[in-house]
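Taking it in order: structure first as structure tokens, then the write-up.
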Amino acid sequence: MLVGLRIIDLGLTQHSLVSGIGFLLAGLRGIAAAPGLALLKKSQVFHYIAGAVLLGVTAFWAYTFYSSLWGHLESFSTWLPLTMAK
């Protein structure tokens, strides 16, 4: 969670807010997992909320991954190995 806050604070990526929220949600989900399972094992509402949070985290990470992958592919499109460079 601290990493997410720091990414947002420093603006380390092109989409710092999205990346930071991904870290924050993943951290919150991890922190809530053990107590939630121990206290609310049989609560179906808890399971739905946990699943919704996981889907949200997945969406944030998918957006972050594919936007960074697309940017990296674009920046590497002109790269040539030394043996092929003129």
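Here are the numbers for the structure shown:
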| read-out | value |
| --- | --- |
| Ranked packing of 2-9, 63-70, most packed first, by mean Cβ within 10 Å | 2-9, 63-70 |
| FRET E, pair Ser68, Gln44, Förster distance 35 Å, beta-carbon r, rounded to 0.05 | 0.45 |
| Where N is the number of residues in the chain, Cα Rg divided by 2.2 N^0.38 Å | 1.56 |
| Phi-based couplings in Hz for region 51-61 (Karplus 6.51, -1.76, 1.60; Gly and Pro marked x) | x, 5, 5, 4, 5, x, 4, 4, 5, 4, 5 |
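Each reported figure results from applying straightforward, stated rules to the coordinates on display, with no laboratory input. Predicted model, so just to flag it, every value in this text is computed and none were measured. Glycine also receives a Cβ, built like all others from the backbone with ideal geometry; neighbour counts cover every protein chain displayed.
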